[in-house]
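The values are calculated or read from the model by the stated rules, or taken from the named source; none is laboratory data. Fair warning: this is a prediction, and the values are worked out from it, not measured in the lab. Here the Cβ positions follow ideal geometry from the backbone for every residue, glycine too, while neighbour counts run over all protein chains shown.
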Amino acid sequence: MDAGTNDGTISSAVFVTATEPEPRKYGKPVVIGGILDHLCERLGPDNVHLVLIGRADVERPPVQYHRHVLTKPGTVEQATSVLANVVLPPRFRPAGLGQAAGEHSGGRYRHPLQEAVLHSANLGTRIFKVINEIEADLEVWDTVRMGQYVLERGETARDRSMLWPGSSFGHQVKRRILYADDLFSERYDAMLKEDTATGNPGGEFAKLLPGPAKKLLANPRVHRPLLRLERDLVAASEVRQPEYFDGTYLISPEETARLAEKVPGANIGTLPPLLREPSGTRIRQYNGAPEFTFIGGFDYAPNRDGLDWFLTNCREAVLQALPNAVINVVGPGTDAGLPSGEAWGEKVRFLGWVDDLDTVLNGSATLLSPLRTGSGVKIKVLEALARALPVVGTKAGVQGIEGGESSGLLIGETPQELAAAMQRATDPLRNQQLSAAARTAWDTKYSPVVVRRKYDEIFGLSRPIAPETRPIQLPRF
């Protein structure tokens with residue numbers, strides 16, 4: 001059993017994040033949305049709250065839970081925080097610069113950039129004011145970006161009640177969880193090892209940055225040194241924060257194991273994404289056509305870089321093995337194409353957004369996932385398994401999915417290995433076997449029933465799973 005309160009007495013919950021959970025068009029909102037859906041089903045929508053750090057002037061879709069929007073730090077606050085918490089070593093910080101409440105703030109360590117731009121004493125006060133008013137039994141804090149505020153209060157999971165007796169810090173939470181998502185430090189390290197790495201050190205929350213800062217991050221002369229610094233600083237945060245939570249959870253089992261080794265004694269676990277069953281039939285009628293589908297928006301750098309690498313380096317090997325191969329490219333922004341696709345001619349179809357994704361996938365031999373960098377479990381790979389669709393990909397492209405070929409995955413790193421895997425998958429009998437393995441992996445490890453049981457354990461919920469559950473919204477890539 002996990003550490004912390006897990007006695008079935010959880011009756012209300014709050015999730016704290018700087019990521020918009022709607023619409024669910026890509027991985028992170030899908031995971032957050034699945035968590036919120038599960039909490040609403042178990043606790044009732046009136047007992048579930050979202051504290052969202054973002055813009056107050058944005059029109060958002062209606063949701064079933066309570067949403068509390070807190071404005072992000074302003075440009076001056078962000079600049080001050082970056083100077084105080086990233087640029088200046090702790091010993092050189094003027095008194096009070098960049099500090100918030102708590103003995104840990106502003107003087108004992110440097111923050112990663114992704115923490116610093118969301119670090120504000122004013123914001124921290126507003127977050128805890130709302131949380132104390134909600135008085136939720138369960139708190140879920142989204143990544144180290146939000147987890148920094150828990151650390152700065154100085155309340156470790158072990159001595160929380162002893163450090164802050166009574167009501168001096170408001171409501172005493174029963175269970176506090178850090179959803180760490182991915183090990184961002186490993187993602188940045190992988191980007192640095194790629195000569196053409198273009199990932200944003202700001203990550204997903206870079207949308208919260210002012211325009212000039214976004215342009216600065218895109219400058220190649222700034223990008224790599226900053227990426228190196230961010231890797232080191234976020235690695236320290238990933239190790240520093242778990243002791244302040246009853247449990248820290250990542251989406252990838254492999255990353256969970258690596259973090260557990262770095263933080264002995266902390267409760268580190270895996271939180272898989274909650275997806276719904278596909279609406280179509282489980283039976284695939286593959287006819288042997290050498291057609292493959294890549295899914296991923298070009299607004300996510302690893303998607304664009306991975307496909308560009310594949311189109312640039314694998315054309316000769318693929319067409320030698322499969323002269324009639326066709327590759328569909330689906331996802332937001334993909335209709336713009338890539339220069340590396342021109343040499344393929346009509347063998348590469350840049351389709352952009354596709355309303356009927358099932359039609360495209362049903363005619364494909366496999367999903368193609370040749371990513372070179374990235375971290376965490378790929379939602380699109382899980383969706384392929386749910387549809388009994390085999391996957392050809394690199395290790396990075398199928399990261400977090402256990403089993404290899406026994407889970408319907410054919411893995412290769414070189415152009416020749418990937419081409420050979422694609423060729424193997426076009427054999428109808430072999431494809432049928434891989435298809436069955438993919439669906440079995442989904443049923444036993446990633447289906448809604450399996451994941452909901454895991455969520456009940458993680459969040460301290462004891463009610464049995466209902467026979468019928470409300471469908472979870474699937475993302476569109």
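The number of residues in the range 27-60 being of a type in the set (Lys, Arg) and under 13 Å from residue 11 (Cα atoms) comes to 1.
Screening residue 327 with (1) at pLDDT 95 or above; (2) not in a strand (DSSP E or B) gives one miss only, at (2). Within the range 305-314, identify whether any single residue is surrounded by fewer than 20 Cβ atoms within 10 Å (Cβ to Cβ), touching a Pro at 6+ places or on another chain (Cβ under 6 Å) and over 29 Å from residue 439 (Cβ atoms), and answer yes or no. Yes, because at least one residue in the range 305-314 is surrounded by fewer than 20 Cβ atoms within 10 Å (Cβ to Cβ), touching a Pro at 6+ places or on another chain (Cβ under 6 Å) and over 29 Å from residue 439 (Cβ atoms).
Does at least one position in the range 332-340 carry a residue that is at negative phi and without any contact (Cβ under 8 Å) to a residue 12 or more places away in the chain? Yes, that holds for at least one residue.
Select from the range 277-316 the residues that are of a type in the set (Asp, Glu) and under 18 Å from residue 333 (Cα atoms) and write down the one among them that is nearest to the chain's Cα centre (by Cα). The qualifying residue nearest to the chain's Cα centre (by Cα) is 299. Of the helices (runs of 4 or more DSSP H) lying entirely inside the range 73-135, the ones with 3 or more residues being assigned by TED's automatic domain parsing to the domain that holds residue 48 and at pLDDT 90 or above are found at 121-134. Among the residues of the range 18-71, those identified as hydrophobic (A, V, I, L, M, F, W, C) and part of a loop (DSSP other than H, G, I, E, B) are 18, 56, 58, 63.
Scanning the range 152-199 for residues that are of a type in the set (D, E, K, R), at pLDDT 85 or above and outside any helix (DSSP H, G or I) yields 174, 175, 176, 181, 182. Any residue that is aliphatic (A, V, I, L, M), buried (at least 20 other Cβ atoms within 10 Å of the Cβ) and more than 27 Å from residue 152 (Cβ to Cβ) - is there at least one of those in the range 262-275? The answer is yes; a qualifying residue exists.
Within the range 336-354, not a single residue is touching a helix residue (DSSP H, G or I) at 6+ places or on another chain (Cβ under 9 Å), under 26 Å from residue 32 (Cα atoms), hydrophobic (A, V, I, L, M, F, W, C) and surrounded by 21 or more Cβ atoms within 10 Å (Cβ to Cβ). Scanning the range 385-430 for residues that are free of Cβ contacts under 8 Å to residues at least 24 places away in the same chain and charged (D, E, K, R) returns 395, 413, 417, 424, 430.
For residues that are of a type in the set (A, V, I, L, M, F, W, C) and not in a helix (DSSP H, G or I), tally how many sit in the range 225-242. Here the count works out to 0.
No other residue among 424, 452, 430 is of a type in the set (D, E, K, R), part of a helix (DSSP H, G or I) and touching a His at 6+ places or on another chain (Cβ under 7 Å) apart from 452.
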